[in-house]
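In what follows, a structure is listed as structure tokens, so that the remarks can point back to it.
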Amino acid sequence: MFSFRILLVCFGCCFLGAAPVRSVEEQFFPNLEKVTDQELYYKGLAALYPKRVLFEDPQLSPLNDYHSATQVEDLPRQTTYIRIYRLNEAKIVLESHLADAALIIDLRYLRSNLAAVDIFSLLTLENTRLSLKSRGNIPMGLLESPNKAEAKRTAPIIVLVNRETAGPFEAALAELQLSGSIIGIGEPTAGRTGFYQEDPVGIWTVNGEITASNGESLIGKGFTPRIQIEIDPTENYLSYNLYEAGTPIEKLLREGIETVTATSDKPSKNESAHTDRVLQRGLDTVAALQILQ
């Protein structure tokens, strides 16, 4: 009996000795050795403060799906910046800011099937009106304005556009610039102001279009902003979408904003790689108008 007990104890010792010794960290935090101290620190902060700390692989993607029709920011020189995502829902926001001292409206990457006469009539200067023409067949009601808008502006509005700005409303931009109500900045727009119809052999041809009061066709040519900026597609995309990815808008402006006299469309020595040159030129133009007034 005594020998059996000794044998059992020895067998138990051999069994326990065969299992590897694991630390508390390895038992409760497997693969901990694969995580760097820096990752562990920041992920811990992100877990403790989820609303204040975001730690993940950098991605250039929107933080939301444009849940709002517009985004409004305050810029230097008492300037209000309005980025429009959905034109048909922007009227209330525009109305609430028409009395602001300086206004920049960003229509880059905006696409809409509307002429939005009632909305763009808000941007007219005193003693001017938005008057568009049409030829051929256009959708019924396209040029109708449900409500007469009274002009409240005495200074032109800065409007930012690019080659992705597309729709019948391009004609409204052309008319507003002709009347001096806006100053366009950026690239010529897409020129999608025409309407098409399929003929019997299956070819789609222009069946109608809308234009500014001068009757000039914008099909394939687009609205030409008064201040044109040469910008390559990569910079065009990044300068706009860095803001969408969460970059504060002031980080996209040139340092030393108070000294705004730039006239060249080439990057200046004070502009970094992430400077939104189109937006910066808009702010420069605001400063120039304020000085002239």
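The values are calculated or read from the model by the stated rules, or taken from the named source; none is laboratory data. Bear in mind the structure is a predicted one, so any value in this text is a computation, not a measurement. Cβ placement follows ideal geometry from the backbone for every residue including glycine, while neighbour counts extend to all protein chains displayed.
Before moving on, here are some points about what is shown:
- Residue within the stretch 68-75 that is at pLDDT 95 or above, surrounded by 15 or more Cβ atoms within 10 Å (Cβ to Cβ) and out of contact with any helix residue (DSSP H, G or I) (no Cβ under 9 Å at 6 or more places or on another chain) present: no
- Count - residues of the stretch 101-129 that are in a loop (DSSP other than H, G, I, E, B) and surrounded by 16 or more Cβ atoms within 10 Å (Cβ to Cβ): 10
Yes or no, residue by residue, for (1) of a type in the set (A, V, I, L, M); (2) at pLDDT 95 or above:
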| residue | (1), (2) |
| --- | --- |
| Tyr85 | no, yes |
| Leu98 | yes, no |
| Leu107 | yes, yes |
| Leu125 | yes, no |
| Gly141 | no, no |
| Ala151 | yes, no |
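- Index of the failed condition, Ile203 passing every other in (1) free of Cβ contacts under 8 Å to residues at least 40 places away in the same chain; (2) surrounded by 15 or more Cβ atoms within 10 Å (Cβ to Cβ): (2)
- Boolean, Gly215 is on the phi > 0 side of the Ramachandran plot, within 24 Å of the chain's Cα centre (by Cα) and not in a strand (DSSP E or B): no
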